[in-house]
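Below is one structure; the comments refer to it alone.
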Amino acid sequence: MGGRMRAREKTIMEVALGRKLFSSLLVAFILALSILCLYYGTSFAPGLPRRGASDGDDADGGSWMLADVELFPGAPSSLYGESANLVVKSLPVCDMRLSELIPCLDRSLIYQLKLRVNLTLMEHYERHCPPAGRRFNCLIPPPVGYKVPIRWPASRDQVWKANIPHTHLAEEKSDQRWMVVNGDKINFPGGGTHFHAGADKYIIHIAQMLKFRNDNLSDGGNIRTVLDVGCGVASFAAYLLNHNIIALSLAPNDVHENQIQFALERGIPSTLGVLGTKRLPYPSRSFELAHCSRCRIDWLQRHGILLLELDRVLRPGGYFVYSSPEAYATDEKNRRIWNAMSDLVRRMCWKVASKRNQTVIWVKPLTNGCYMRRNPGTLPPLCSSDDDHDAAWNVTMKACISPYSKRVSSAKGMELVSWPQRLVTPSHRLEEVGISDEKYNEDSEVWNWRVLEYWKQMKPEIQQDSFRNIMDMTANFGGFAASLVNKHVWVMNVIPVNESSKLKIIYDRGWNKTAEQVQNMPFMISVFSTSAVHMCESFSTYPRTYDLLHAWLLMSKVEKQGCSVEDLLIEMDRMLRPLGFVIIRDKVPMINHIKRFLTALRWDHWISDVEPKVDALSMGEERVLIIRKKLWKGSPEKP
């Protein structure tokens, strides 16, 4: 009897002890989970798996653990929760195999998500962004042996091989003089598929075909903005600078992979994109000239829809320069393509401006007159009156002609003055966005003053050639970029989708100051970056693209749209070159919040935080935070 009692008491005690142990473990688990949530924050929750991170180790040998958090008294917890007074000391580093990751152009994602894409229509080269659960949320490491990029203007002709360790194009295009490997550098002789003798001579040839004065393709400042599709390594755009012309080089990340990466490393305005099923991310009537030199595009497919997209972005009287075998070859296949293309452009009201040797140049009409005189039922039709010709974000292409407004047709053109007066002359399209000339001029004056102050703030850290590739992440009317008129830079202007109507104003500015030689030529370019339209998505560019990122009130806007400020900071780090700068002007609580992440992002090489003077564009109490990114190295790829 006593034995049974003792056994029963022992069993009860074991159960009690088991319950206590379970309760203790449960409490410990809940506490640990709470700390994790406190540390990561809700915005990082989708990325907790951290795919691709290098086993949690960063480049300095540390690990992304809870111990890497310190108290920081700067940000009020009432705005950002109890975690607002915590400093994140480190973030995970991605695997070295991801050193060239472009999240929304990662074709492996298409297969992983089993997306149905039409390869014939080039849909696999269009943007497909990863869902939250598949984001890497880690810092992109530079490749092994990475060096600070060669500065402009020397970078036009050479880059470090270690920065883009790909020599495939040099081997494949050796006879066309695209690029040549020379020891630890890659040289760019200026050749191309169609202009083996050099882009400079080819550009003069085009100017002679159009009978422009002094063999200068700018035609006295009337041609300023050019779109080069299928651009290769962008040597055509590089040599247009001597003609005071700014070209945007466009190509997909296709079999000639890294061609745009080479262009950006050289300091030439370029972006990844494709003529597929979506409109190009530019408003209508943005370019004076479009160029295709053996760009391998089937212009006749789908009733000429791709050529009609070029027509949409060309200004009245704009030119399309086409150098391809169809323009000169005499075999039956090329003759058939040429005849079909000639018939298509005739129905589009384009005329041959000049045809010589291997190149044909068509010119677009100045008015709607030709469109109105076409026979009823002629294809392609005019786009419907309710079609927004300027809409470009995620808009499906249409096989129709975008007619001009009554004002443009009556004026026989865009009423733009020639370059460089165009930079400071308000565009008539300001009326379309409800902005007065006075407001526009005030914006320009404020940004002139702000930029002067920014450069004074950075003076201890910068040299004359510190910057070449710049992104303005909240461009408004392009005032920040226009204020860099005396700098040897180009600027990628980004406009959110809810402000996209402003983009045409930036294009109409025509961009920067004139100069005689490429060594003395500062210039800018306005580009509607598709990833900026959706602030929660990644940009369509390579890692380590920009020397400077500028963000005015961007973080506050992102937060209001429900996007993650932390994710945006990691994306900015992906685009920023080592030893590059970031200028963030925002509200005080947001600046304090961002400062929590500077050490983890390795943005603490140099930091300046000042209170700016109030001006006409100020939105309450603001601060200007300028940082410089460290040059750090990742670990070699693991076997």
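What follows draws every value from the coordinates through simple rules; no lab data is involved. Everything numeric here is computed off the predicted structure, so don't read it as measured data. Every residue, glycine among them, receives a Cβ derived from its backbone with ideal geometry; neighbour counts consider all protein chains shown.
Summary table below
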quantity	calculated
Residues Asp586, Asp157, Asp390, Asp437, sorted so that the one with the fewest Cβ neighbours within 10 Å comes first	Asp437, Asp157, Asp390, Asp586
Region 534-628: GluC sites (Glu not before Pro) in DSSP coil with no more than 12 other Cβ atoms inside 10 Å	Glu621
Sum of side-chain charges, Arg336 neighbourhood, beta-carbon under 12 Å (Lys, Arg +1; Asp, Glu -1)	-2
Prolate/oblate/rounded call for region 425-628, Cα gyration tensor, a/c under 1.5 rounded	rounded
Dipole of region 196-411 [Lys/Arg +1, Asp/Glu -1 at C-beta], most positive-end residue of Ala238, Thr271, Thr225	Thr225
Asp157-Met372 FRET efficiency (beta carbon distance; Förster radius 45 Å; 0.05 resolution)	0.35
Net dipole in debye of region 252-315 [+1 Lys, Arg Cβ; -1 Asp, Glu Cβ; about Cα centre; nearest 20]	220
Span from the region 210-245 Cα centroid across to the region 90-162 one, whole angstrom	30
Antiparallel bridge percentage (DSSP; both residues within region 425-628; nearest 5)	45
Sequence of Lys587, Lys613 once ranked by neighbouring C-beta atoms within 10 Å, starting from the fewest	Lys613, Lys587
Relative contact order %, region 425-628, counting alpha carbon pairs below 8 Å whose residues are six or more apart	18
